Structure formats: C-alpha cells, structure tokens
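Here is the structure we will look at.
Only the coordinates and a few stated rules stand behind these numbers; no lab work does. Source: prediction; values computed, not measured.
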Amino acid sequence: MKTWRSRRTSGARLPGWTSFRGAGREDFNAHLGAAVDQFTQLLGPPELDVLVDAPDVPGKRRYAGWRRAGNALVVGQGPEPLSFFSGEEARVCIGPLGVDEGFPPAAELGAFLQF
C-alpha cells in the first residue's frame, strides 16, 4: 500500500507538508474528521470507520476506509517516523485490496498503513 502524507504534528520541514507543532489531540482529530467528511461526500459512507486505542499517546486513533473494485482508500492516524516517532501524522493511503479481502482487524490498522 502506498502512503501519502497530508498533515503532521511534528516539526520536520519538507515541501508540501504542513506541520502543526504543539497542536492538541482535538485539533488533530478535527483535521482527520474533515478529511473523512470530504471523502464521504465523494465516495459515500466508509466501509470501515473505527477508533483504536493508541498505545503511545493518550486517546484513540481513527481509521476510515473505502473500497472500489480491487482498491482501498484508507485515512488514518499514526506515529510520524521522520521525527523519530516524536509526533503524529494523518495518512491517506491508496492501494490494492482484493475484492473478497476484508480490511485488517482494528488492532492491525496502524501496520496496514505503514510504508
């Protein structure tokens, strides 16, 4: 599955990336919620929309996924690797997922979004 980064909370500066140093969990969740809402307007309700306990930060992480033919689009939250996992990022991933293949269990969604 390929990963494209849309928003991050770490301080790394790379062209095309937006960083929100010091942003709180509520801000981060609101940005992810806005992305889910926009994809829902385009694609309809997600087949997958779950909250998962985050072992490394307080609160939960949200994952939403849509399927079209043999492809999946997944929006989710996770640790940001370029800052040595000191921040979090929101990810929009598009990749193959067989028509008869289900999304992974909620506890495995973070690994599902890794590149």
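Using 0.36 nm per residue of separation minus the Cα-Cα distance, give me the extension gain between residue 34 and residue 69 in nm, one decimal.
10.1 nm
Between residue 26 and residue 47, 0.36 nm times their residue separation minus their Cα-Cα distance comes to what?
That pair, residue 26 and residue 47, stretches by 5.1 nm at full extension.
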Practice item. Work out, step by step, the length gained on full extension between residue 94 and residue 108: first 0.36 nm times the residue separation, then minus their alpha carbon distance; give nm to one decimal. Key: 3.4 nm
